[in-house]
2 protein chains.
Amino acid sequence: MSESCKTYHECCLYFTANSLARQINEMAEDAFKITGLAPSYAHLMLLLIEEPGLSQNILSKRMNLKASTMTRFIDKLMQKGYVERVQEGRSVYIYPTENGKNLKKSINQALSILFDNYCEVMGEEFAVKLTEDIHKANTILKE
Amino acid sequence: MSESCKTYHECCLYFTANSLARQINEMAEDAFKITGLAPSYAHLMLLLIEEPGLSQNILSKRMNLKASTMTRFIDKLMQKGYVERVQEGRSVYIYPTENGKNLKKSINQALSILFDNYCEVMGEEFAVKLTEDIHKANTILKE
DNA sequence: GCACAACATTTGTATGTGCAACTAATATTA
DNA sequence: TAATATTAGTTGCACATACAAATGTTGTGC
């Protein structure tokens, strides 16, 4: 462990990463209210709008979620009429509907609001750098 | 948004932070098996061993969890005989039992294993720096 | 071409977590 | 001091998420 750490809570990536996720989730839920979707569903819709026809398998890998969780996410988005499933063999490919595609604008708006909100408290430079580093860590951890 | 970002998924702190939390949780669950506790319970026990007698309110603030979640965590830890509640007025103070205190060694061991594991993939320097930055972000976000 | 392995998805179940409404204790204030 | 507001904790409910087992599909070796 790093000698400069006062407590384990500050120097364990597990503790700090979870804490950050909970705090930023709170901000995100707020910002994404205008889309009518929870932030994680909005994230998924964005992936699908950018690249329609991804399989559930790929989607779960992209979002670091388990396949079973993805099934349930897609169920919800189908209920709302934002996506449709196309089964081919053992894979299921997901396409956004017209209504789904129309979400793009408000999702981007929400992202922008969220970004402004956390930059306001953390400073843009630090926020951008932190996000890049976390992204880098994610990439490494995925092997 | 930062111009250097290829996709929103890489430059939104919400997306990246959640992804990291899920990945590191997976590693942590593994490492903490030797303690017989889920990582978050271990975290809580560590706080209590270091500072016995914290109120549930304080505990939930320290861990960035809601009070209701803390009630349930403490319920579980009581069932296992690791902590006891002492009500005083409207506050409830939590103390580790002897059995609870005895967890300290294996929790520290698990922390050490976890640390080694993520350092092995990410490199120690990067991991320590990242953890510090995330901790800094947490502190700022708590206001 | 059949038996079996590998893979994608689904479903049942369990746990973590939050919100809103509730209870109980304390503080404020008229 | 009675009435009201604030605070700490609990409980009922909802949802996110994982794991394990089940289902259905494709590929492989014989």
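Throughout, read-outs are computed from the coordinates displayed, never taken from laboratory work. Given the structure is predicted, the values throughout are model-derived calculations rather than measurements. FYI the Cβ positions are ideal-geometry reconstructions off the backbone, even for glycines, and counts take in every protein chain you see.
Compute the long axis of helix A:67-79 from its Cα atoms, compare it with the longest principal axis of the Cα atoms of chain A, and write down the angle in degrees, 0 to 90, nearest 10.
60 degrees
Would you work out which of A:40, B:91, B:64 lies farthest towards the positive end of the dipole of the protein assembly as shown? Charges go on Cβ: Lys and Arg +1, Asp and Glu -1.
Checked the options; the winner is B:91.
What is the average number of partner chain Cβ atoms found within 10 Å of a Cβ in A:56-67?
Mean inter-chain Cβ contacts per residue within 10 Å come to 2.
For the stretch A:19-143, what ratio Rg/Rh do Cα atoms give with a Kirkwood hydrodynamic radius?
0.99
In degrees between 0 and 90, to the nearest 10, how far off the longest principal axis of chain B does helix B:13-31 point, with axes built from Cα atoms?
50 degrees
What is the mean number of Cβ atoms from other protein chains located within 10 Å of the Cβ atom of each residue in peptide A:21-29, rounded to a whole number?
Going residue by residue through A:21-29 and averaging, the value is 6.
In debye to the nearest 20, how big a dipole does the protein assembly as shown give about its Cα centre with +1 on each Lys and Arg Cβ and -1 on each Asp and Glu Cβ?
With Lys and Arg at +1 and Asp and Glu at -1, about 1060 debye.
How far is helix B:104-122 tilted off the main Cα axis of chain B, in degrees rounded to 10, range 0 to 90?
Taking Cα atoms only, the helix is inclined about 0 degrees.
How many Cβ atoms of partner chains, on average, are near each residue of A:110-123 if near means within 10 Å of its Cβ?
3
How do A:12, B:11, B:119 rank when sorted from fewest to most other Cβ atoms within 10 Å of their own Cβ?
In order of increasing Cβ crowding within 10 Å: B:119, B:11, A:12.
Using Cα pairs closer than 8 Å and at least 6 residues apart in sequence, work out the relative contact order for the stretch B:1-120, in percent.
26 percent
Calculate the length of the line joining the C-alpha centroid of the stretch A:47-71 to that of the stretch B:68-116, in whole Å.
37 Å
Which cross-chain or sequence-distant (5 or more) residues have an amide H under 5 Å from the amide H of residue B:92, H modelled 1.01 Å from N in plane?
B:56, B:57
In chain B, what residue has the beta-carbon at the shortest distance from the axis of the rotation relating B to A, and what is that distance in angstrom, rounded to the whole number?
Closest Cβ on chain B to the axis mapping it onto A, in Å: B:21, 2.
Would you mind ranking B:24, A:140 by Cβ crowding within 10 Å, fewest neighbours first?
By the 10 Å Cβ count, ascending: A:140, B:24.
Measuring from the lowest to the highest alpha carbon on each principal axis, how far does the protein assembly as shown reach, largest first, in angstroms?
60, 39, 37
Neighbouring Cβ atoms within 10 Å as the yardstick, rank B:50, B:98 fewest first.
B:98, B:50
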